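Encoded as structure tokens, the structure appears first; notes follow it.
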Amino acid sequence: MNFSTTKPKVFFKTFGCRTNIFDTQVMMSNLKDFEVTQNESDASIVVINSCTVTNSADTTARSYINGLKKLSNNPKVIFTGCGTRTKGEKLFGENKIDGLFGASEKENINEFLKLDEKFFKLGDLKSLDKTVVEEFVGKSRAFIKIQEGCDFRCSYCIIPYVRGDARSYEESVILNQVETLAQNGFSEFILTGTNVGSYGKKMHTSLAKLLKKMSLIKGVKRIRMGSIEPIQIDDEFKELINEPFMAKHLHIALQHTSKEMLKIMNRRNKVLSDLELFEFLSSNGYALGTDFIVGHPGETEQLWREAMKNLENFPLTHIHAFTYSKRDGTPSAIMKDMIKGDIAKDRYIELVEIIKDKNYKFREKIKNSSIKLEVLVEQEKNGIFTGFDQFFNQVSISSKEDLVGDWLILDDYLVKENKNEARFE
């Protein structure tokens, strides 16, 4: 990445998931004639890496674009990411943006940003990047994209239509990426992608095999993963769960805990086998998170109550909950029995409160055990440092030392409502 005082400045605004965070770093790595700035008010160009998983994501991006027009520097606005295939053409036609390029075109960003005229380069849904990312601006952890796209076709999901079918990076490319970043001082790696658990499909390899090889690279201390499907945690993967390089947290996408709702959603997982898996992982000391959609069409009060009754049995500690958002072009968009917004909101609150309580009890249990927290400190604000432990719980640390980037082993800390707190002398 190039920095100078004479090159035009570019600000990147990233919405959405960890995959987008990685994609932004790919774009930054391909800039040769521009300087990256952390302040949009200094930028002559703003690149928006968009998310389109919900209506809210689309609305947020549009609001951000409108806000840019109020800046005195009047930057050019370039749009990329998943939203290019759902809202990009409309934004371009309305002259809200000065240029657009799809995800497959991001390695050409330097040439696009040099264009004086408006451009529309949607690209394809089959390619994979070749860029080796050597750093992550403002990050203590490194994100590694191991695959792209998804072969699942859940009723509600737009992502396969904007990211394409599942395809994996070559193992050698990923390991080279990890080795480069480890040499540059990164020690925690987060594997990301559209459907991480599908890694290696049609390539005679697997996620478990990749993890083993990553763990042998000097400097790799901890590996986390993005969301993985229950059916993708096979016997080969289970053999790794107690390896020291594995973070003691997995995010496993359930989406619901009602048998009937899983059918309506065209999901591949089953409630009873999900529960068995979660209990197995929990017995091995894992914190467990999940995705959960509230208010999907067909979610009657009876099915909701059944789901919450089942949920009580799951040893969950984290939740990524969101209310159903209609995405045009998906099967769910034309389903009947839509759920009213106020009902969905109440259910969302109920769900989040249940998991919040479970998380607090989990952290108390860890505190009362002999387990120490292994925290990678990520950032500092007003003298308070924050990072995540091996269970993906946030820890706030007060200290007079500069701890950013350090690993801390903590056994003396306080369990607060939403996080743990500690002092480091």
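The values are calculated or read from the model by the stated rules, or taken from the named source; none is laboratory data. Bear in mind that the values here come from a model prediction, so they are computed numbers and not experimental data. Every residue, glycine as well, gets a Cβ built from its backbone with ideal geometry; the counts of neighbours run over all protein chains shown. Note: accessible area is taken over every heavy atom of the protein model, side chains too, but ligands, DNA and RNA are not part of it. Shrake-Rupley method; radii C 1.70, N 1.55, O 1.52, S 1.80 Å.
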Open item on the list: Restricting to the range 15-62, and then to whatever is closer than 17 Å to L100 by Cβ, touching a strand residue (DSSP E or B) at 6+ places or on another chain (Cβ under 8 Å) and open to solvent by 30 Å² or more (accessible area, probe 1.4 Å), can you tell me which residue is modelled with the lowest pLDDT?
Closed with: G16
TODO: Pull up the range 67-85, narrow it to residues that are open to solvent by less than 30 Å² (accessible area, probe 1.4 Å), of a type outside the set (G, A, S) and assigned to a helix (DSSP H, G or I), then point me to the one that is nearest to V162 (Cα to Cα).
DONE: C82
Open item on the list: Please verify whether L281 is aliphatic (A, V, I, L, M), buried (at least 22 other Cβ atoms within 10 Å of the Cβ), more than 24 Å from V162 (Cα to Cα) and at pLDDT 95 or above, treating the condition exactly as stated.
Closed with: no
Task: the range 1-14, subset of a type in the set (A, V, I, L, M, F, W, C) and over 27 Å from H320 (Cα atoms), residue most open to solvent (accessible area, probe 1.4 Å) - done: F3
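Do any strands (runs of 3 or more DSSP E) lying entirely in the range 86-163 carry at least 2 residues that are farther than 30 Å from V375 by Cβ, and which ones are they?
In the range 86-163, the matching strands (runs of 3 or more DSSP E) lie at 99-101, 119-121.
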Task: the range 365-386 - residue that is closer than 15 Å to L410 by Cβ and part of a helix (DSSP H, G or I) and, of those, least open to solvent (accessible area, probe 1.4 Å) - done: I366
Task: Residues that are small (G, A, S), open to solvent by 10 Å² or more (accessible area, probe 1.4 Å) and under 17 Å from T52 (Cα atoms), drawn from the range 86-122 - done: A103, S104
TODO: State all residues of the range 124-181 that are surrounded by fewer than 19 Cβ atoms within 10 Å (Cβ to Cβ) and touching a Cys at 6+ places or on another chain (Cβ under 8 Å); if no residue qualifies, say none.
DONE: D165
Task: Long-range neighbours under 7 Å by Cβ, at least six apart or interchain, first residue modelled with pLDDT under 80 within the range 1-14, second surrounded by fewer than 18 Cβ atoms within 10 Å (Cβ to Cβ) and part of a loop (DSSP other than H, G, I, E, B) - done: M1/E135; N2/K32
TODO: Inspect all residues belonging to the range 337-348 and state whether any of them is closer than 28 Å to S282 by Cα, crowded, with 17+ Cβ neighbours inside 10 Å, under 22 Å from the mean Cα position of the chain (by Cα) and not aromatic (F, W, Y).
DONE: no
Task: Unmet criterion (only one of (1) modelled with pLDDT under 95; (2) under 23 Å from F152 (Cβ atoms); (3) assigned to a loop (DSSP other than H, G, I, E, B)) for G298 - done: (1)
TODO: State all residues of the range 81-96 that are on the phi > 0 side of the Ramachandran plot and within 20 Å of the chain's Cα centre (by Cα); if no residue qualifies, say none.
DONE: G81
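Just for the range 264-303: of the residues that are of a type in the set (F, W, Y) and touching a strand residue (DSSP E or B) at 6+ places or on another chain (Cβ under 9 Å), which one is farthest from K361 (Cα to Cα)?
Of everything passing the filter in the range 264-303, F292 is farthest from K361 (Cα to Cα).
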